[in-house]
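Undergrad: There's a structure below that I have some questions on.
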Amino acid sequence: GPHGHGLQARRRRRRERRPNEKEIVARIASASAALARIRRPLANRRLPTAVRMRLVDSLVMNRLPCGAAAWTNLHAWCWTKLQAFHMQVLRRVAERTGKFKVDGGTYPSDVEVLKMIGAISIQCLVQRARLKALPCDVGYQLQPGFGTDIRNTATVTGTSTGPRFCNI
């Protein structure tokens, strides 16, 4: 209606409360396009999981946190979208390991998938991107080799809903 109480006005207000939404959608679209380009090598069961993870890390996951230093107060919707895409990709890698189902034939939780293939949470990826964007004169120096192989330095903790933090 003329007073802004209609469905379209409510949708517009809801969207306005989600800053960075367009950026997140663009990041996921870019990563999804990269994933489509490596679909065949990713499906090759003879390729070791470590090699598949390096492909995914370098060609797909690096696109997700681009510009993360500028993301302020990400809305829960944005985190949900990032987490869903991230876990979809990691489950695709984990399915090819041949040990995807855990005891009793049930599908693993997000945390179990992360541990199974040695990956880290999306929150950790974003946190790392934010830290890398900091100027080095802020009172500390980043460790040499920081970010070269995150799986050696990061630990995943969390609840059944998924990992929340990592130690860098």
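The values are calculated or read from the model by the stated rules, or taken from the named source; none is laboratory data. Since the structure is predicted, the reported quantities are computational estimates derived from the model, not experimental observations. For neighbour counting, all protein chains shown are included, and Cβ atoms are generated from backbone atoms with ideal geometry for every residue, glycine included.
Undergrad: For Ala84, indicate whether it is in a helix (DSSP H, G or I) and modelled with pLDDT under 85.
TA: no
Undergrad: Quick check on this structure: which one of Leu64, Leu55, Leu74 is touching a residue at least 40 places away in the same chain (Cβ under 8 Å) and under 21 Å from Lys115 (Cα atoms)?
TA: Leu64
Undergrad: Are any of the residues in region 47-58 closer than 30 Å to Leu134 by Cα, among the charged types (D, E, K, R), exposed (fewer than 13 other Cβ atoms within 10 Å of the Cβ) and at pLDDT 90 or above?
TA: The answer is yes, given that some residue of region 47-58 is closer than 30 Å to Leu134 by Cα, among the charged types (D, E, K, R), exposed (fewer than 13 other Cβ atoms within 10 Å of the Cβ) and at pLDDT 90 or above.
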